[in-house]
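These notes are about the structure you will find just below.
The values are calculated or read from the model by the stated rules, or taken from the named source; none is laboratory data. Predicted, not measured: the structure shown is a model, and the values here were computed from it. Ideal geometry is used to build each Cβ from the backbone, glycine not excepted, and the neighbour counts take in all protein chains shown. Accessible surface is based on the protein model in full, side chains and every heavy atom, while ligands, DNA and RNA are left aside. Shrake-Rupley method; radii C 1.70, N 1.55, O 1.52, S 1.80 Å.
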Amino acid sequence: MIKINEELNFSVDDTLFVFALDSEAGKVFNDKNKLITGIGKVNAAMELTKEIYSRRPKLIVNLGSAGSKGFSKGDVVCCTKFIQRDMDVRGLGFKLYETPLSGVPVVLEYGLKMENLKEGICGSGDSFEMNHSETVYNIVDMEAYPLALIAMKENIPFLCLKYISDDAGSDAAEDWAIQVHLASEAFKKILFS
């Protein structure tokens, strides 16, 4: 069972574990319902949508690496709010990060809060951010926003845990390459202990 809090538990067999890269999953998730989407918002959206229609999970868990200046390397943070950080249509009168005419607020609030974990706001975009200075979101990744949006539209509970692999600064690429392999063991301790 995956224990979210005192009232909410899900069977591991009914859970879909979603990663961008197999290196983030390691061997820990080989015997689980695992989906590797590939990098980026389009790949994540396409692969999750196909999987939902073939398998219909009762819980979607997005696990992966992320950068942050507000959390430390090695932290696992529960993301409950999401921003599409590369959406900028201010030239047509929309707010920064607002998807025009979608009816979705700038900050998408759709994520389960797991007890005993720090909470974060994840900014997803199709770029590897190395100069993070934004204050609206405190975690950066490349896939969580569309996964949360699809889970919300399909009315499937969504849990998003991010392993902080780098500080989204000038050394982010080097730090990520080293830290990404530690993510699966950190997730194992939280989800299966």
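Points worth noting:
- Around V76: net Lys/Arg minus Asp/Glu count, Cβ-Cβ under 14 Å: 0
- Two numbers describe the Cα atoms of segment 44-138: Rg and Dmax, which are 14.9, 42 Å.
- Carbon/sulfur fraction of accessible area - the chain, other protein chains in place, 1.4 Å, %: 52 percent
- Structure remark: mean-square fluctuation, Gaussian network model of the chain, C-alpha springs under 10 Å; the largest value among L108, L161, L96 belongs to L96.
- Taking all protein chains together, M142, M46 sort by accessible area into M46, M142, largest first [probe 1.4 Å].
- Taking Cβ separations below 4.7 Å as the criterion for a possible disulfide partner, the isolated cysteines in the chain are C78.
- Two numbers describe the Cα atoms of the chain: Rg and Dmax, which are 15.6, 50 Å.
- Rounded to the nearest 20 debye, the dipole size of the chain about its Cα centre is 480 debye, using +1 on the Cβ of Lys and Arg and -1 on the Cβ of Asp and Glu.
- Long pairs among K3/K34; K41/K189; K50/K189; K153/K188; K58/K113, criterion Cα-Cα beyond 26 Å: K41/K189; K50/K189; K153/K188
- Cβ-based charge dipole, the chain, positive-most Cα from F19, T37, S54: S54
- Å² per residue, accessible surface of the chain at 1.4 Å: 47 Å²
- Charged side chains reduced to their Cβ positions (Lys and Arg at +1, Asp and Glu at -1) give segment 42-145 a dipole of some 280 debye around its Cα centre.
- Inter-part distance where segment 8-28 and segment 87-152 are each reduced to a Cα centre, Å: 22 Å
- Gain on full stretching of the segment that runs from K58 to L8 - 0.36 nm per residue minus C-alpha separation: 16.8 nm
- Cβ-based charge dipole, the chain, positive-most Cα from V77, M1, G64: M1
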